[in-house]
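In what follows, a structure is listed as structure tokens, so that the remarks can point back to it.
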Amino acid sequence: MAKFTVFFKDKPIHSSIFESGNVHIGRDETNDLVVDSLAIAPAHAVVVLRNASPLIKQLNSDFPLIINGVQHKETMLQDSDTITIGKHRIVYSSTEKFASTTSAAHAKEPENEKLNQEFNNRVNLPEANLQVMGGKHIGRLVPLKRTMTRLGREGSGIIVITRRKEGYFVSMLEVNDEIKINGAELADQTLLLKNDDMLIIDKIPMQFFMD
């Protein structure tokens, strides 16, 4: 497994854990690891997870892939390697090492302690997705791999789905009476999502399910 922590101006903003497969990094919401910055390409890089060290590849020649201050087209990732993108940094950690060897000094730091707890909470949580049930993107899956997934747009309501130890919780960042869950207005509630729950966001029906 692999853990990627995104920092902005040296402050951790979110962390994602992946077991296997390809991890796409970029600005577009369809990526597995999204960084909201014009300094990153819509499809910036892909990390191929395998038994040996992960392989990271540049996907857009107009946006350099910089790791530990050196530009690469592709390279193997080592524990604690840092991908620099504008004012953002993405730090790769081997989850096996992360789980077993956390230094005492770092464990006392609130931000690191929070990330450590998040890691422990999320390892055993089933993966979840939203599936678009109508419109031109019907059938499309939206993975909920990040700590917080934001959906919607200004003026039509914005929700956030938060991944916690207890499960996946939905709440609104921008209130709109057209955002519904199972036919009822979400309003100012924070609700635990259950398999087959139906959300309507910006008039698009989406069904929640866990693997």
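The values are calculated or read from the model by the stated rules, or taken from the named source; none is laboratory data. Since the model is a prediction, treat every value here as computed from it, not as a measurement. When we count neighbours, we look across all protein chains shown, and the Cβ atoms used for this are built from the backbone with ideal geometry, even at glycine. These area figures cover heavy atoms from the full protein model, side chains too; ligands, DNA and RNA do not enter into them. Shrake-Rupley method; radii C 1.70, N 1.55, O 1.52, S 1.80 Å.
Along its three principal directions, the equivalent ellipsoid of the range 153-211 from the Cα gyration tensor extends over semi-axes of 18, 13, 9 Å, largest first. The heavy atoms of Leu173 present about 110 square angstrom of accessible area, all protein chains included, probe 1.4 Å.
The listed residues His24, His14 rank as His24, His14 when sorted by accessible area, largest first, using a 1.4 Å probe. Give me the percent of accessible area attributable to carbon and sulfur for the chain, probe 1.4 angstrom. Carbon and sulfur: 50 percent of the exposed surface of the chain. Using the Stokes-Einstein relation with a Kirkwood hydrodynamic radius computed over Cα pairs, the translational diffusion coefficient of the chain at 25 °C and a viscosity of 0.890 mPa s comes to 134 µm²/s.
Please compute the length gained on full extension between Ala187 and Ser20, using 0.36 nm multiplied by the number of residues separating them and subtracting their Cα-Cα distance.
56.4 nm
The angle between the Cα long axis of helix 110-122 and the longest principal axis of the Cα atoms of the chain comes to about 60 degrees, rounded to the nearest 10.
In a fully extended conformation the segment linking Ile66 and Asp211 would gain 48.8 nm over its present Cα-Cα distance, using 0.36 nm per residue. For the chain, averaging the sequence separation of C-alpha pairs within contact (under 8 Å, six or more residues apart) and dividing by the residue count gives a relative contact order of 14 percent. For the residue pairs Lys87/Lys136; Lys11/Lys180; Lys57/Lys87; Lys73/Lys145, the C-alpha atoms sit more than 32 angstrom apart in Lys87/Lys136; Lys11/Lys180. Heavy-atom accessible area for Val23, with the other protein chains in place and a 1.4 Å probe, reaches approximately 0 Å². Counted residue by residue at 0.36 nm each, then reduced by the alpha carbon distance between them, the extension gain from Arg164 to Asp10 reaches 53.1 nm.
In this simple spin-label model, placing a label point 7 Å from the Cα along the Cα-to-Cβ direction at both Leu173 and Gln78 gives a separation of 3.7 nm. In terms of overall dimensions, the C-alpha atoms belonging to the range 117-201 reach 36, 28, 21 Å along their principal axes, ordered largest to smallest.
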